[in-house]
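Accompanying notes for the structure given below.
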Amino acid sequence: MPSRTAPPDAASDTIIKFAVDRTQAHWEVARQPYLISSLGTDLKSAGFDYRSLLGEVTLGSFFSSRATDVKVVRHPTLKAKVGLIPATENYEYPAEDILPGADQVGSLRAVERSAHTIDRRPRNARHVVMNFLEALGSLPEDDLQRVNIPVSVLAKLVAGR
C-alpha cells in the first residue's frame, strides 16, 4: 500500500514555498482563502508534478501536516471548498455561504434539492432537455408563443444523438 505521508525533500519545500507565495498574494488582494483547487491548477501550470510527489496524500492534508506559514481552512458545509490562508490570519466563511440545516440533513445535495436550487451534478442530454422544457413551462403565455424549437431537434437531444 502506498505511503500516505509525503517525504520531506527539496521538491516538497519548493511546493510549499510556491503555495505560501500564492496564498500571501491572494490574501493581500481578496482577503479570502486561496482555494486548493486553484493551487492544484497553478502547480500544474508552473510545471510541478505534485501528484507523483504526494502519492495518495491530498494537497489539503499535505499542507495541514507540513506547512507552517499557511493554514488550511475548510468550509463547514461545502466539502470541496478547502483553502489556504496565511498562518497569522483567521478566516470564517460568511454566514450566507453556509446553507442552513446542511449538518442536520447530512448532505448538501439534499439541502439543494429541498431549497429548489440548481443541482450541479453532470446530467445526460435527456435530463437537460427535460429541465429545459420544465423551465419553458414557467414562461408567460406571450413568451411561449414565440418559442420555436423543432421537435426533431428535441428528439435527437433526448435520444442522445
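Here are a few things to note about the model shown:
- Put in order of Cβ neighbour count within 10 Å, fewest first, the listed residues Asp42, Asp142 become Asp142, Asp42.
- Look at the Cα gyration tensor of segment 10-101: its axes a ≥ b ≥ c give a/c of at least 1.5 with a/b over b/c, and that counts as prolate.
- Cβ-to-Cβ counts within 10 Å put Ile36, Ile149, Ile16 in ascending order as Ile149, Ile16, Ile36, the fewest first.
- Exposure proxy ranking for Phe63, Phe18, Phe132, based on other Cβ atoms within 10 angstrom of each Cβ and starting from the fewest, stands as Phe132, Phe18, Phe63.
Quick note: the coordinates plus some simple rules give every number you see, no bench work behind them. Owing to the predicted nature of the structure, the values given are computational and were not obtained by experimental measurement. Because the Cβ atoms are built from the backbone with ideal geometry, glycine has one as well, and the counts that use them run over all protein chains shown.
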